[in-house]
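Right, one structure below, let's go through it.
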Amino acid sequence: MADDTTSDFSKSKRARRHGWYGAKTLVKRVLSWRIPHLLVQSAASLTRSRMHVERLPAPAHVREVEARMADVSFVMCNPNRCVIAKELYWGRGARPRLEDQLPLDVFARLARDAKLVLDIGAYTGIFSLLAARVSRDAQVHAFEMVPEVAKTAIDNVVANDLLERVFVHVEGVGKDGDTARIPSGRGGSALPDFYSTELHFERGVSVPIRSIDVVVYEEFPEHLRDVPTVIKIDVEGTEDVVLENAQGLLAANQPDILCEVIPGANLDAIYAALEPHGYRYFQFGEHELTRHAELDPSVRYRDWLFTTKSDDMLAALGVPIRPA
């Protein structure tokens, strides 16, 4: 990780590998053309069990796709660059991998009665849009620190006529007062979904970082305090910092938290942030959640539910829990 945090990430081996050593943009552009795409689509239909279709580009002429999940629908723009919209295209309105779709389905059930939803590391806003659709009373705040990605999130909010209820903040979430230098996100074959405040970039724009407690208790109106709250966190390894600086909200609201936890995460810091408030840990699988006494990060099953709700309360909401 030192290569990513102490020198320019854009010049690192990981960044070059992620961009297929310069070939990714051209390859995906060609595969998105009509005839090559038809060939790719035919191959995918024949080898669907062996091919990760969610990695394939959407056709260049498709400008938006419709998401259909949790008995609601909404559109997402720019599938030629948005990783999530591209997956929705291939999944016919849902994410193709079950372990990716289940967190959305559970999030929708938890958000139905929420009055405040915080989408931290929102990317292009699929969780924000879903929350706004399933809960007509919730105010949704999406935090995305990559400017070009945030622009697409705003486009999605506009496309779904949700400007009055979904608010996109171009900032990071963590320790209040910090800043991060982040590339704007222009160019490339896809909008980046893996940047974090831990990565170092020599070039980019200075993005402010705020803490949850400062945002909620100093900037939000009073009627949004002490209300049913749901939080989604996807910050590529800095979830411990997000939670450490949300102690006021965790104590007052005990929000349900859907959090990505990747290998290498600071588990001790996560425990220290959550355990004083009585949180329990459930790992998402393909069809159900499994209770764990401790966090066990996995490359494939990286999504977790942190909640103070009992098993009976979760069952009443329709959350599928694996029997102990």
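Values in this text are rule-based calculations from the coordinates and carry no lab data. Note that the structure is a prediction, hence the values are computed from the model and not measured. For neighbour counting, all protein chains shown are included, and Cβ atoms are generated from backbone atoms with ideal geometry for every residue, glycine included.
Per residue, the convex hull around the alpha carbon atoms of region 96-322 comes to 123 Å³. What residues of region 221-252 lie in the reach of a label at Phe167, counting those whose backbone N is under 13 Å from a point 7 Å from the Cα along Cα→Cβ? Label zone hits: 221-225.
Going by neighbour counts of Cβ atoms within 10 Å, the residues Met145, Met313 line up, fewest first, as Met313, Met145. A straight chain from Val75 to Asp296 at 0.36 nm per residue would run longer than the Cα-Cα distance by 76.1 nm.
Contact order normalised by length for region 96-322, with contacts defined as Cα pairs under 8 Å and 6 or more residues apart; what percent is it? Please report the intermediate quantities before stating the final value.
On the way: 462 pairs, mean separation 43.8, N = 227.
Reported relative contact order: 19 percent.
Maximal additional length on extending the Asp137-Asp176 stretch stands at 11.2 nm, based on 0.36 nm per residue less the C-alpha distance. Neighbour counts of C-beta atoms inside 10 Å place Asp161, Asp155, Asp193 in the sequence Asp161, Asp193, Asp155, starting with the fewest.
If you count, for each residue, the other Cβ atoms within 10 Å and average over each peptide, how do 72-78, 255-261 line up from highest to lowest?
In decreasing order of mean packing, 72-78, 255-261 become 255-261, 72-78.
Restricting the trypsin sites (Lys or Arg not before Pro) of region 123-185 to loop positions (DSSP other than H, G, I, E, B) with no more than 14 neighbouring Cβ atoms within 10 Å leaves Arg136.
The label point for Leu267 and the one for Arg322, both projected 7 Å from the Cα toward the Cβ, are 1.6 nm apart. Each of Ser310 and Asp193 was given a label point 7 Å from its Cα along the Cα-to-Cβ line. The distance between the two points is 3.8 nm.
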